[in-house]
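Below: one structure, written as structure tokens.
The values are calculated or read from the model by the stated rules, or taken from the named source; none is laboratory data. All of these numbers come straight from a predicted model, not from anything done at the bench. Positions of Cβ are backbone-derived with ideal geometry, glycine not excepted, and every protein chain shown enters the neighbour counts.
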Amino acid sequence: MTSSSSILWPAAIEAASYVEQGMVVGLGTGRAAAMFVRALALRLVEGLSIRGVPTSESTAALARELGIPLVTLDGVDSVDIDVDGADEVSPELDLIKGHGGALLRERLVAASSKRFVVLVGEDKLVPRLGAKRAVPVEVIPFGVHVARRGLEALGARTSLRHDANGHHPFLTDNGNMIFDASWEEIRSPRELEARIDVVSGVVDCGLFVGMADLVLVQTESTVRRLAR
């Protein structure tokens, strides 16, 4: 398996093969999702006709560059298939997402999809969520300190995410900020997700519990398929 963005994972090509004529397709955000978008564009050259719903401005820009027709989520009744990456995948196929900063739009598209396919490298597989990565939590700027206190009351260690230069808080495409929140142990991702979501000032969190239908894992030599 190569990390080069110029070479498509076989898993990305397989994910693109699931897309059928006329489908509305969710286009995820991040390196793995970008490979899927590029693989999907190759199918359009072969005559496939679809509409894409991007989960971020960066994905929208890539899709336009590759000639993929786009539509907004409000412009469709549902999404036939959504393909996205993840930062962690547990044995139960629960996910941590959002280290690319697009968790809110990613959840909206995934929740609107008939089939949610997750594309990852094997390094994203963990024995439990939170083993390697923090949980991104999107908060409104007006309530940033209120949200921080609420997350810390749940036992989290919080770090406000900053931009690439480190000078200003990172802002999502929705104009919100992100806390990266860590816990010593996440015993019940579903329970923690519910508790985070009711903290004042929180818009969404990166725990995606019970949402993935299929996880395609790109290894050095094969594609592993993990189905719910």
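From the list SER113, SER159, the lone residue that is under 25 Å from ALA212 (Cβ atoms) and among the polar types (S, T, N, Q) is SER113. Listed by first and then second residue, the pairs linking a residue in the range 158-172 that is exposed (fewer than 10 other Cβ atoms within 10 Å of the Cβ) to a residue that is outside any loop (DSSP other than H, G, I, E, B) and not acidic (Asp, Glu), with Cβ atoms under 9 Å apart and 6 or more places separating them unless they lie on different chains, are HIS168/HIS162.
Any chance the range 44-54 includes a residue that's under 21 Å from ARG228 (Cα atoms) and either in contact with a helix residue (DSSP H, G or I) (Cβ under 7 Å, 6 or more places away or on another chain) or surrounded by fewer than 18 Cβ atoms within 10 Å (Cβ to Cβ) (or both)? No, every residue in the range 44-54 fails to be under 21 Å from ARG228 (Cα atoms) and either in contact with a helix residue (DSSP H, G or I) (Cβ under 7 Å, 6 or more places away or on another chain) or surrounded by fewer than 18 Cβ atoms within 10 Å (Cβ to Cβ) (or both).
Per the listing ARG115, ARG38, the residue uniquely farther than 22 Å from THR222 by Cα, modelled with pLDDT of 95 or more and of a type in the set (Lys, Arg) is ARG115.
Output the residues belonging to the range 211-224 that are part of a loop (DSSP other than H, G, I, E, B) and at pLDDT 95 or above. First the steps, then the outcome.
Looking only at the range 211-224, we keep the residues that are part of a loop (DSSP other than H, G, I, E, B), and these are 211-213, 219-222.
Once the filter is applied, which keeps residues that are part of a loop (DSSP other than H, G, I, E, B) and at pLDDT 95 or above, the range 211-224 yields MET211, ALA212, ASP213, THR219, THR222.
Within the range 112-123, residues that are polar (S, T, N, Q) sit with their Cβ atoms under 6 Å from residues that are surrounded by fewer than 24 Cβ atoms within 10 Å (Cβ to Cβ), at 6+ positions apart or across chains, in these pairs: SER112/SER78.
Scanning the range 30-74 for residues that are acidic (Asp, Glu) and either out of contact with any Asp or Glu (no Cβ under 8 Å at 6 or more places or on another chain) or part of a strand (DSSP E or B) (or both) yields GLU46, GLU65, ASP74.
The single condition from (1) closer than 28 Å to LEU8 by Cα; (2) surrounded by fewer than 13 Cβ atoms within 10 Å (Cβ to Cβ); (3) at pLDDT 95 or above; (4) among the small types (Gly, Ala, Ser) that ALA102 fails is (2).
Does ALA147 satisfy the criteria of being surrounded by fewer than 16 Cβ atoms within 10 Å (Cβ to Cβ) and of a type in the set (A, V, I, L, M, F, W, C)? No, not satisfied.
Counting only strands (runs of 3 or more DSSP E) wholly contained in the range 127-210, no element carries 2 or more residues that are modelled with pLDDT under 95 and within 22 Å of the chain's Cα centre (by Cα).
Note on the range 88-99: among residues that are farther than 14 Å from VAL217 by Cβ and touching a helix residue (DSSP H, G or I) at 6+ places or on another chain (Cβ under 9 Å), the one that is surrounded by the fewest Cβ atoms within 10 Å (Cβ to Cβ) is GLU92.
Against the list (1) within 19 Å of ALA102 (Cβ to Cβ); (2) surrounded by fewer than 22 Cβ atoms within 10 Å (Cβ to Cβ), the condition ALA212 fails is (2). In the range 37-62, the residues that are in the same structural domain as GLU14 (by TED's automatic domain parsing) and farther than 19 Å from LEU108 by Cα reach residues that are of a type in the set (S, T, N, Q) and surrounded by fewer than 19 Cβ atoms within 10 Å (Cβ to Cβ) with C-beta atoms within less than 7 angstrom, at least six apart or across chains, in these pairs: LEU48/GLN21; SER49/GLN21.
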